[in-house]
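Since the structure comes first, as structure tokens, the remarks are kept for the end.
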Amino acid sequence: MSKTVTVPAYLADDYQMLTENIESYQDPEDPDVFKNYANSLLGQLIKTPGFLAGMPDQLAICLLHVVKVDSAKLLPLCSDSEPQWDDVRTCVNIHKNYRDLLSTLSDQHQEQLKTALLLLCFYDLGAAKEEFHAEVEEPEEQDEYEHQQEFNDY
């Protein structure tokens, strides 16, 4: 029996975006759609390393075929709390053609790179969306109704 992998709360939103983006490019009639999308993003990233600033899910897609994450080694470091960059980088192997890119990303966008690599760790382990620890938000209408009820009691 395999152990269920749970995405930590600090990655839940980005992980959901990553999996939804990957799923949206899965097309049985054209299996190269996702690969072409990832290659296109990677080409843009090489030209302009900061163009994905604020989008760690998209950066993870770019790095999917560029890095190899040692998920077995990284998982214990990131399950309970967010690990430090120095811990994450020791769990990643980089394709030799992309070392300069990763070095630039590490220097200029370290937090985003770290998040993208953590996302890849959980994606590699097959964490499921249903296992998120994200808080469920109540609809605004219900909050507004409850707020009105408080004032109606006076």
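In table form, for the structure just shown:
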| read-out | value |
| --- | --- |
| Any chance Leu52 is modelled with pLDDT of 90 or more, under 17 Å from the mean Cα position of the chain (by Cα) and in a helix (DSSP H, G or I) | no |
| Residue among Leu119, Leu77 that is under 23 Å from Thr19 (Cβ atoms), modelled with pLDDT of 95 or more and under 17 Å from the mean Cα position of the chain (by Cα) | Leu119 |
| Residue check, Tyr15 surrounded by 16 or more Cβ atoms within 10 Å (Cβ to Cβ), touching a Leu at 6+ places or on another chain (Cβ under 9 Å) and not aliphatic (A, V, I, L, M) | yes |
| Criterion (more than 25 Å from Asn21 (Cβ to Cβ) and surrounded by fewer than 17 Cβ atoms within 10 Å (Cβ to Cβ)) met by exactly one of Asp70, Asp107 | Asp107 |
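The values are calculated or read from the model by the stated rules, or taken from the named source; none is laboratory data. Please read all numbers here as calculations on a predicted model, not as lab measurements. Here the Cβ is made from the backbone with ideal geometry for all residues, glycine too, and neighbour counts use every protein chain on show.
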